[in-house]
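One structure is given below, encoded as structure tokens.
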Amino acid sequence: MFKLIFRVSRFVHKYLGLIALVYFLGMGVSGILLNHPALLQKFSLPLGWLSDSFQYRAWNRWSLRDAVFSEQQPEKVYVAGKEGVWMSCNAGRSFTPASTGLPESAYLRDTNCLLLVENHVPTRLFAGTKDGLYYCSPDELRWQTVLNPHLQQTEIVDLLQIDQEIFVFTETGCFVAPLSPGAPVFEARDLKTPPGFKPRAPFFRFLLKLHDGSLFGPTGRLIADIIGLVLIFLSLSAFYLWYVPWRRRMREYRKPRYYKFLYRYHLKLGIYASLLLAICALTGIFLRPPFLMAIARLQTPELLQSTNLIAENRLGRIHQAAWLKANNKLYLATENGLFSGSPNADSPFAAVDTSRLSIHGMGATVLEPLADDSLLIGSFSGLAKWHPETGIVTNLVTDKTTQPRHSGGAMVAAAVINNGTPKFWCDYRRGMRPFPGESSAATEMQAGDFASSFTMPEKISKKSRISLWHFFFEFHNGRIFQDLFGRYTWLIAPLGGLALLIVTLSGVYDWFYRRVLH
């Protein structure tokens with residue numbers, strides 16, 4: 001029986017490995033490069049080289065992440081996104097670039113948030129990028145970096161003005177500076193957790209950290225890189241070991257110089273790295289649909305979380321922030337849920353009951369205060385308006401005041417709010433969309449008229465570039481092939497991970513049979 005299993009296992013190991021060899025090779029190379037964004041951040045490709053679904057249209061695909069309007073000059077609006085910062089002087093009918101002083105790199109120029117401060121002298125515009133915090137005069141639009149080591153070469157996720165202070169949020173912390181005529185000076189502000197609070201991040205984020213090794217810090221990333229190199233070696237050596245016997249059968253065989261070396265270390269490295277290869281394959285399977293759906297609601301206990309994240313900010317990785325003036329509360333959307341607390345940090349934050357809200361496991365993409373003292377909350381699970389005082393939740397995609405468990409197909413990437421009034425929201429795939437959930441027909445018509453004039457610059461749609469890191473990211477998760485495989489694209493990563501797992505386990509059995517059972 002063991003011999004029969006061995007024959008099947010050897011067949012599967014050889015031919016499934018050869019079929020998936022190119023995929024394994026690509027995953028090894030791209031996985032290593034993704035673990036070191038600093039190596040790729042200066043390089044980019046023309047976006048036009050990619051397939052049609054990757055092109056920017058109507059502010060889709062994060063080409064718009066945030067927008068701010070001038071109260072002193074109502075026709076002036078600034079927008080931020082993957083292509084940096086843009087300015088319009090005619091309420092959005094046309095835009096001009098406003099990125100002088102921001103990083104030239106397509107990876108670092110990506111801007112998450114903007115803040116326009118007009119009620120203080122001098123007037124300033126702040127921008128939070130992947131490379132840190134910048135500020136400038138709206139009249140000159142020449143960006144300067146904020147001289148704070150914690151806010152340089154660090155991704156800024158949100159910006160707020162609360163009374164006479166500027167709040168800056170990174171993924172793991174909060175920094176505050178008073179409004180002053182000189183250069184802003186930011187200091188860290190502690191985000192106190194509720195008594196007895198135990199962080200519980202989404203389980204898929206734990207798997208992601210395990211997959212790329214970041215769960216164990218630099219050492220873990222180094223191990224992940226080594227596994228990537230092993231996978232590359234196993235893929236290339238497997239092809240060579242198969243090719244030499246094939247040449248022999250064609251009577252063109254010459255004794256290969258490196259055949260024995262490759263055969264020996266294909267076996268040794270394969271068996272030594274088999275456990276880590278299996279972990280890499282298994283975690284990769286659950287990081288993409290459909291298996292991701294099976295673990296989407298699972299939470300990770302504190303014991304399994306990154307020690308660095310727990311030490312810096314126990315509330316969890318911050319995604320969005322908002323301040324409601326009516327109750328003077330600061331709201332933070334993190335990987336552990338939604339929290340509210342005093343902006344002065346004089347008391348612990350409290351967890352907000354989000355059982356009636358549907359927030360995607362990837363986190364909130366929109367958290368904005370509205371004029372009626374409610375919060376607009378958006379994610380890849382939809383868009384909702386939530387009143388903290390009454391607890392009423394309205395799904396703005398389906399326009400129902402019910403528990404919004406279904407997004408209506410909406411993948412909310414951004415929303416444009418002017419003076420507390422929602423103008424439009426952006427679907428990640430389809431771009432700019434109207435707000436169907438507004439109760440006033442007049443408001444709907446006004447928002448629709450505004451949206452129709454909010455035109456994406458032609459330069460963004462035709463001359464944009466994609467950073468090399470993002471290109472490899474799309475390749476690694478299989479989405480780069482979505483125009484080729486259509487709705488079956490989501491099968492690439494799970495099937496590829498399953499193939500690696502089967503090839504690894506069959507290789508272990510073959511080795512065990514030859515060494516022990518044979």
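The values are calculated or read from the model by the stated rules, or taken from the named source; none is laboratory data. These figures come from a predicted structure and were not determined experimentally. A quick note on method: Cβ atoms are made from the backbone with ideal geometry, for glycine too, and the neighbour counts reach across all protein chains shown. Just the protein is used for accessible areas: all its heavy atoms, side chains included, with ligands, DNA and RNA removed. Shrake-Rupley method; radii C 1.70, N 1.55, O 1.52, S 1.80 Å.
Tabulated results
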{"quantity": "Acute angle (nearest 10 degrees) that the helix 21-34 long axis makes with the longest principal axis of the chain, alpha-carbon atoms", "calculated": "40"}
{"quantity": "Length released on extending from Leu50 to Asn327, taking residue separation times 0.36 nm less the Cα-Cα span", "calculated": "95.0 nm"}
{"quantity": "Percentage relative contact order, the chain, counting C-alpha pairs under 8 Å, at least six apart", "calculated": "20"}
{"quantity": "With all protein chains modelled, accessible area of Lys260 [1.4 Å, Å²]", "calculated": "140"}
{"quantity": "Most to least accessible of Asp346, Asp66, Asp483 (protein chains only, probe 1.4 Å)", "calculated": "Asp346, Asp483, Asp66"}
{"quantity": "Lysines with Cα under 25 Å of Lys385, excluding same-chain neighbours fewer than 8 positions away", "calculated": "Lys325, Lys329, Lys400, Lys423"}
{"quantity": "Sulfur and carbon atoms: percent of accessible area, the chain [1.4 Å]", "calculated": "59"}
{"quantity": "C-alpha long axis of helix 492-512 to longest principal axis of the chain, angle in °", "calculated": "30"}
{"quantity": "Rounded to 10°, Cα long-axis angle of helix 274-285 versus longest principal axis of the chain", "calculated": "40"}
{"quantity": "Pairwise centroid distance, computed over Cα atoms, of segment 32-95 with segment 255-301, Å", "calculated": "36"}
{"quantity": "Separation in nanometres of the label points that stand 7 Å from Cα toward Cβ, at Ser342 and Glu104", "calculated": "4.9"}
{"quantity": "Projected label distance in nm at Ile271 and Val185, using a 7 Å step from Cα toward the beta-carbon", "calculated": "6.5"}
{"quantity": "Whole-number accessible area per residue in Å² for the chain, which is evaluated in the context of all protein chains at 1.4 Å", "calculated": "50"}
{"quantity": "Sites Tyr488 and Ala294, calculated FRET efficiency, Cβ-Cβ separation with R0 25 Å, nearest 0.05", "calculated": "0.85"}
{"quantity": "Partners for Lys463 among lysines (Cα-Cα distance below 22 Å; same-chain residues under 8 apart left out)", "calculated": "Lys42, Lys82, Lys130"}
